[in-house]
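The values are calculated or read from the model by the stated rules, or taken from the named source; none is laboratory data. Because the structure is a prediction, the values reported are computed rather than measured. Virtual Cβ from ideal backbone geometry, glycine too; neighbours counted across all protein chains shown. Accessible surface is based on the protein model in full, side chains and every heavy atom, while ligands, DNA and RNA are left aside. Shrake-Rupley method; radii C 1.70, N 1.55, O 1.52, S 1.80 Å.
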Amino acid sequence: MAQQPELLFEDPESITRRDVLNVVHAEAKSVGDFSPSYFSGFDTFRALTYTSSIPMVAGLLRDHEFRDFECIFGHSGILSRETEEILAFQSVVRDDLERRILRMRGIADERRELLVNRIADGSVRFFVVKDAIAHAKIYLLSRTADATSTEASTCPERRAITGSANLSERAFSGRQAETLIVFDDDRVAWKHYVSQYEAVRDASTTRVPLAREANPAEQIRIERTPALVEAEQSPDGSVLFVPAHQEDESEFSFPAVVTRMQTIKPAIRRGLAGASRPDRRGNFRIKPSTVKEIVRVVRSRDMEASPPIYLSRDGDSFTLSDAPWNLDADPVQVAGDVAAWLGFFANYEQGFVGDVPRLQRDYFTFMSWFYFAPLMCDLRNVALRTNAFSFDQPLFAVLYGSSNCGKTSLVEALMASMFSHPRIVDTQDFTSARLRGLQQSYKRFPVVFDDVTRDRFNRHADEFIKDETIAFPEYPCFALSMNADARSFKAEIVKRCLMIYTRTSLPGDNTVARRKLQRSVAEIRNRMTTALYREYLRRSLSKLNPGVDVTSEGTESTDALLLSSSILCEIFRENLPSGTELPRWCATMTLAEYQQRAFERPRQLLANLLGTERYSPERRPPEQCWTVAGDALVVAVAPIEFARTRADIPDWLLDDTATTSGQIALNRQLMEEFLGRRVRPPRRWAWWRR
């Protein structure tokens, strides 16, 4: 018999630092269908699962008689380099365990009491990851020799199950492509997977303490976060491993967890403010004094758990974070909100330098898009179903330009006027994985980021914005503000988003005007109610679908900007103070008008490049002159300007077959459509006259 190789998981302390991957050599005997009977007849169950699988765990405890039950929860995709995120994740998992297990449906009170006692005496145990180290899914089942059940007589003594399936109802249902490999009474496999499981459990997890009563939904018991409990009970505190380099996030399976963590992370971050940083190996030590500070901050800030943030629609009815949302509005409050917005936009005339009327007009365009955001998915779903042009229903909007131009105050005021107070997502959550999780969990509720860096946008936004495949019937729009210049975005991003760029701003040295505006904005926001927006939604639904659902055929031709701006102008006009006229910025805007403005800069650039005074049949470099070559317009560009000029021209106008270093070829027909005029060389007599 060949000598077995030495297993690499004998030393629990080495698993988090080894770079060697184990290979288990196996031989397939048969293939069958999974059923719950694979877990029957055993009295010991241990699981390592890396996804949110608490419902199935609760079902296993309800349907099987395991004398000893142990489960490890964790997910490398949810853990980043932030200590507060690991702690928030632990808190959410513990809270979900208490809710689902202690309020389990279909179980008698006596059985529930027995389960509570077993959790207390330690025969049912849960652990949560405190280290991003493992992706394995391992399920270990065994039975004692004295097991007398009918299933025990036909099942093996030891069964090890591994593969890609996490311990979730969806993964084990067969509805998604998963693989399971079963080893029955295999000594080598059992020893290997037990050692791997125990190494992860002993080196990288924290025991989850559960209460005898479920945690009330309205309260966060932050002091019972597993790592914080461990820190208080140990004289040396608790150690978290915080990776120095964040791995590429290609997974997402925690939409609800991501949403709920938003309420916990800010408080934990404040509580950790005075703590030491991770050491060179990434270990972060939590001392009992740090635990007390976190608990103090949470309680002093009254950080109570709120229901998951989402907005959903059923016909003409909306649900906002688990509560019915009434669209009835008091006309007096609507008039008050209109007066508040008139004052808000008038503030831009107090000290802002630049094209103030253009700024007001652009910000009203953004307001029209943002107010319509909860209904945008309906139009987009129909457009995609009918193969219509989905670019006409932009899911992304970007407010960008110089600093001090009022981007943040505008977004916060809009959020307050829609949902009572701003809900801004932490910029650290602007990653591809988190965006997809928020897309599922927020439903129609707009996702807003403030002050996103250009580097973060370039790394995470492109793929997400260009992805047309959304698997949910309800999904949100995304809005973000940035300090960026006009050259920051690719053409394929510009055509898919609502891009609002401005250089009009408040001078940085005008502190008196800034303070005055800040006081004015704060006062206006305090006066705002949600009446205007509820009236807006009610009218939007009536105009979108008189008697039918908004997703009916034909809505794909709806101009969202025109519809939204028309309704806002209508409400403003009806509620103007006596003797006043509608401001010029409050006017309807069509999608076609916006698209003309969105490409103003490249249109002006091309108009300058293709001016008649630059025409040269000889193409004399390095001047930026142009000539005609068949169906193409060829522009000669100086080498130092080539890359920059090329990046400013929309991709669909380029003829890549004729574009080389030093010259840019443009499709003549598309170029003329883009400029709205014919591009022709000057008459020959004019050339000779020059």
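Taking I524 and the conditions (1) open to solvent by 20 Å² or more (accessible area, probe 1.4 Å); (2) aliphatic (A, V, I, L, M); (3) part of a helix (DSSP H, G or I), which numbered condition does it fall short on, given that it satisfies the others? The number of the failed condition is (1).
Yes/no matrix, rows are residues, columns are (1) in contact with a Leu (Cβ under 8 Å, 6 or more places away or on another chain); (2) within 15 Å of P476 (Cα to Cα):
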position: Y371; (1), (2): yes, yes
position: R380; (1), (2): yes, yes
position: L395; (1), (2): no, yes
position: E412; (1), (2): no, no
position: T431; (1), (2): no, no
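In the condition set (1) exposed (fewer than 15 other Cβ atoms within 10 Å of the Cβ); (2) closer than 28 Å to M499 by Cα; (3) modelled with pLDDT under 75, F642 is compliant with all but (1).
Flag: A231 matches the condition of being in contact with a Gly (Cβ under 7 Å, 6 or more places away or on another chain), modelled with pLDDT of 75 or more and in a helix (DSSP H, G or I). Within the option set F39, F45, F73, F69, being among the aromatic types (F, W, Y), surrounded by 16 or more Cβ atoms within 10 Å (Cβ to Cβ), modelled with pLDDT of 70 or more and closer than 30 Å to T427 by Cβ holds for one residue only, F73.
I need the full set of residues from region 567-602 which are in a helix (DSSP H, G or I), open to solvent by less than 40 Å² (accessible area, probe 1.4 Å) and not β-branched (V, I, T), in order please.
Let us first name the residues in region 567-602 that are in a helix (DSSP H, G or I), namely 567-574, 591-598, 600-602.
In the following step, the residues that additionally are open to solvent by less than 40 Å² (accessible area, probe 1.4 Å) were identified as 567-569, 571-572, 591, 594, 598, 602.
Answer for region 567-602, where residues must be in a helix (DSSP H, G or I), open to solvent by less than 40 Å² (accessible area, probe 1.4 Å) and not β-branched (V, I, T): L568, C569, F572, L591, Y594, A598, P602.
When every residue of region 409-423 is checked against the conditions, none turns out to be more than 21 Å from the chain's Cα centre (by Cα) and more than 19 Å from I524 (Cα to Cα).
For region 215-228, the candidate set comprises residues that are surrounded by 20 or more Cβ atoms within 10 Å (Cβ to Cβ) and over 14 Å from L97 (Cβ atoms); within that set, the residue that is modelled with the highest pLDDT is L228. Residue pairs whose Cβ atoms lie under 7 Å apart, separated by 6 or more positions or on different chains, with the first residue in region 581-603 and on the phi < 0 side of the Ramachandran plot and the second open to solvent by 60 Å² or more (accessible area, probe 1.4 Å) and among the basic types (K, R), are L582/R573.
In region 526-539, the residues that are closer than 15 Å to S368 by Cα form Cβ pairs under 8 Å with partners that are open to solvent by 30 Å² or more (accessible area, probe 1.4 Å) and assigned to a helix (DSSP H, G or I), at six or more places apart or across chains, as follows: L532/Q333; R539/E570. Scanning region 500-520 for residues that are outside any loop (DSSP other than H, G, I, E, B) and at pLDDT below 85 turns up S505, T511, V512, A513, R514, R515, K516, L517, Q518.
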